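Everything on this sheet refers to the single structure shown next.
The values are calculated or read from the model by the stated rules, or taken from the named source; none is laboratory data. These numbers come from a predicted model, not from an experiment. FYI the Cβ positions are ideal-geometry reconstructions off the backbone, even for glycines, and counts take in every protein chain you see.
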């Protein structure tokens, strides 16, 4: 590698770090990130109410309004911190992902704390650690000429930047996919020492323990070695696969039971999004790495998405024309297998399970490195000056979505850090904030609030709230009710219906997907007089329905929300 190229890579790395750290420090956490923090501190959130164990740190819905500080404990370590066994138990009960990310986040938050920035920095570190691996894999697949294009696309990809700064397992997943690809190429191209085989086994096992969709790029790499073993003999590959499977077996023998357990949000993948189209969703999985359109994760910029898509289409067409029959030759076959397998994974699972995974862009993130390796390879097939101009134009087209991501103070249409100051400025100790959401939504409101605010939760999926029995304890004696609803997942809102029928709406506002409605009693100073007469005429089962019934949204929502519709990236 030349001296000039080394300096260019260093500059790209520094700029990538500056960009991601800036975003990590700017945005508040959203529901899924709060979920990560709860599990990493040993608190299960989504188990059935009857099976909650207070001693094990499980979330329990308080019977009465409580201070924000009482709810914030679910997002912090105890003193002393809970053991790793409790973290694994929380993952087993609440999540449908393997536990490695949460175990590592557990150790990180003990050292760095549980602030928003600390939780995000853990993901940023894995994203930055992927950069040198990306460079190394590029040298082995596309040559040194492709180093700058591949690393520049990797560093400033809008979707990579977005998920690289999210407190979830996706940047760790990308790191492990790259590590497995590097070990695969190292063993295929050169006779491997023992440490290279150990690295392949360790990276494979870690990938399987981070995300179940690691299976698809991993299978592509195994298929590549079986087709073109090189120095990585098939017998050695089979032995490595066997050892990797043995390493993950302690967790995977329990996976069927874990996935079969009831969870509060367990059915969200079966909820058909409005205006959903399977072919369009699958097509978007391939386009999202190139267009910068965001799949609803950030404000859509049509000119940027179309310009970037057109530029990539031109360079890919040039590559296909130049390579022709050699398009799948040598290590290029690995890149194509990897990219196609990872992009098709959600659609394959949807066909098998009758779900709507394909509506969520995060499930194809394992394809991200392969996408930019292929794009860099395509840029090397055109004249150098043309390649440089195309790369600069692509980065300019991507600058619009990057700027939109940087300007946002929240994610996934959940401006928790914006709605809470409004509540804090208006609500007093004589009022109550009634939050209708899932546990992570309730904890999100509490996360950014402080006393004298009092928060009451209404988690419909738990089946523990009834209007006649629950509302007197939650709002009785209060002057005002600030009703907050988010993360509804198609559930009914019986308490809102009662409030609208028996109280006065003072104001209501909407911030993205969060609704805030202020209610006051109609004929009294407080809500204490409502309970007996008013609730008698309210049918107790009017708003209940089967937990297994599939729901359909009636209005389009941004893709980042669970069960939302996907945009057209063209």
Tell me the strands (runs of 3 or more DSSP E) entirely within the stretch 417-501 that contain at least 3 residues that are at positive phi and assigned by TED's automatic domain parsing to the domain that holds residue 27.
-> none
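Mind checking whether some residue in the stretch 276-291 is closer than 30 Å to residue 159 by Cβ and either not in a helix (DSSP H, G or I) or not assigned by TED's automatic domain parsing to the domain that holds residue 309 (or both)?
So far as the stretch 276-291 goes, yes, one or more of its residues are closer than 30 Å to residue 159 by Cβ and either not in a helix (DSSP H, G or I) or not assigned by TED's automatic domain parsing to the domain that holds residue 309 (or both).
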Scan the stretch 232-247 and give yes if some residue there is touching a residue at least 24 places away in the same chain (Cβ under 8 Å), out of contact with any helix residue (DSSP H, G or I) (no Cβ under 7 Å at 6 or more places or on another chain) and farther than 22 Å from residue 185 by Cβ, otherwise no.
-> no
Determine whether the stretch 379-388 contains at least one residue that is assigned by TED's automatic domain parsing to the domain that holds residue 140, crowded, with 24+ Cβ neighbours inside 10 Å and part of a helix (DSSP H, G or I).
-> yes
Options 65, 81, 99: the member that is at negative phi, in contact with a strand residue (DSSP E or B) (Cβ under 6 Å, 6 or more places away or on another chain) and touching a residue at least 24 places away in the same chain (Cβ under 8 Å) | 65
Which of the helices (runs of 4 or more DSSP H) contained wholly in the stretch 212-268 include at least 2 residues that are in the same structural domain as residue 194 (by TED's automatic domain parsing) and farther than 16 Å from residue 91 by Cα?
-> 215-227, 234-252
Can we say residue 349 is modelled with pLDDT of 90 or more, crowded, with 17+ Cβ neighbours inside 10 Å, part of a helix (DSSP H, G or I) and under 29 Å from the mean Cα position of the chain (by Cα)?
-> yes
Confirm whether residue 136 is under 24 Å from residue 348 (Cβ atoms) and modelled with pLDDT of 95 or more.
-> no
Within the stretch 488-504, residues within 35 Å of the chain's Cα centre (by Cα) and more than 19 Å from residue 442 (Cβ to Cβ) come out as 497, 498, 500
Quick one: is residue 334 over 19 Å from residue 218 (Cα atoms), touching a residue at least 12 places away in the same chain (Cβ under 8 Å) and assigned to a helix (DSSP H, G or I)?
-> no
